[in-house]
Structures are given as C-alpha cells and as structure tokens.
1. Could you say which residue among A32, A87, A11 is closer than 16 Å to E132 by Cβ and under 14 Å from the mean Cα position of the chain (by Cα)?
2. If the requirement is being at pLDDT 95 or above and in contact with a Cys (Cβ under 6 Å, 6 or more places away or on another chain), which of these qualifies: G101, G125, G28?
3. Taking region 51-81 only, how many residues are over 15 Å from R91 (Cα atoms) and of a type outside the set (D, E)?
4. Could you grab me the full set of residues in region 10-24 that are surrounded by fewer than 24 Cβ atoms within 10 Å (Cβ to Cβ) and in contact with a helix residue (DSSP H, G or I) (Cβ under 7 Å, 6 or more places away or on another chain)?
5. Wholly within region 25-133, which helices (runs of 4 or more DSSP H) include no fewer than the required count, namely at least 1 residues that are open to solvent by less than 10 Å² (accessible area, probe 1.4 Å) and aliphatic (A, V, I, L, M)?
6. List, please: which pairs have Cβ atoms under 9 Å, are six or more places apart or on different chains, and start with a residue in region 118-143 that is farther than 17 Å from Y71 by Cβ and in contact (Cβ under 8 Å) with a residue 24 or more places away in the chain and end with one that is of a type in the set (A, V, I, L, M, F, W, C) and open to solvent by less than 50 Å² (accessible area, probe 1.4 Å)?
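The values are calculated or read from the model by the stated rules, or taken from the named source; none is laboratory data. None of these values were measured; they are calculated from a predicted model. When we count neighbours, we look across all protein chains shown, and the Cβ atoms used for this are built from the backbone with ideal geometry, even at glycine. Note: accessible area is taken over every heavy atom of the protein model, side chains too, but ligands, DNA and RNA are not part of it. Shrake-Rupley method; radii C 1.70, N 1.55, O 1.52, S 1.80 Å.
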Amino acid sequence: MELALAEARAAEARGEVPIGAVVVASTGEVLARAGNEVEARNDPTAHAELLVIRAAGEKLGAPRLVDCDLYVTLEPCAMCATAASFARLRRIVFGAYDPKGGGVEHGPRIFAQPTCHHAPEVVGGVSASQAEILLKGFFAARR
C-alpha cells in the first residue's frame, strides 16, 4: 500500500485526484504502478486502477491477471471494479472507503451482483487514514 500511496502523492503533485494503484504478482514482483491521469490524458477512464491493469497485462502478455493483487488507495468505482473482475485479479486491497462513488462496498457492489463472472477477495480500510488525509486535503484546497 505504501507504493500506492506514493503514486497518489505523485498524482496530487501533477494536479490529479490523489489516487494511486499497484499490481503485484504472487511472487511479490511489482508489475505496474500508477496514479490517476484523468486530467493529463483528458480521459475520464484514466483511473489509476485501469492504468495498472492495462500495464500489468501488457507486461505479462496476458489479458488476465490471475494470481495478481491490486492495491489502490481508494475503494474502486464501478468501472474499475468491473475491470478488475474481467482481469480476474485474485485480490483487491484498498485504503479509504468511498460511500459516494465506490463500487465494491458501496453503490452497485459489483462483486455481489449475480452477473459478476469473477469476484476477487476484497480487503478494505488498509492505510485508510493516510489515503483519506490525501483526498480531503486535495479537495479542501479546491473549495
């Protein structure tokens, strides 16, 4: 999670919403790491989770990330949760809960839907206070 938090801080320094993500193989190898790039790419889908899922798939030469874990500083939205399911990630570990935009423990609860093909193990609240401080500080500075 420390690597994901570092990516979140780097995203904030670039003017992005401070969310960071990392994909780690079962061997412990970091396959990909990124922070949000929505503003830089003018792309609403350039969430940290999607960037690392794409990069890890490219690195492995496979569309599925079986036996890989996603670490992300904020509960994934519905779009990112669905991508994680399609990628067949083994586990998602996230920091802060997102009652407004989350798609795992809140909102549509993607992995609990009968149409969900693959539900990874989910661990929430890891380093949540650090992630919350980053996010709250970012948005407070813009209000």
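1. Among A32, A87, A11, only A11 is closer than 16 Å to E132 by Cβ and under 14 Å from the mean Cα position of the chain (by Cα).
2. It is G101.
3. The qualifying residues number 12.
4. Correct list: E12, R14, G15, E16, V17.
5. Those helices (runs of 4 or more DSSP H) span 48-60, 78-86.
6. What qualifies is H118/A84; H118/A87; H118/L89; H118/F111; A119/I110; A119/F111; F138/V17.
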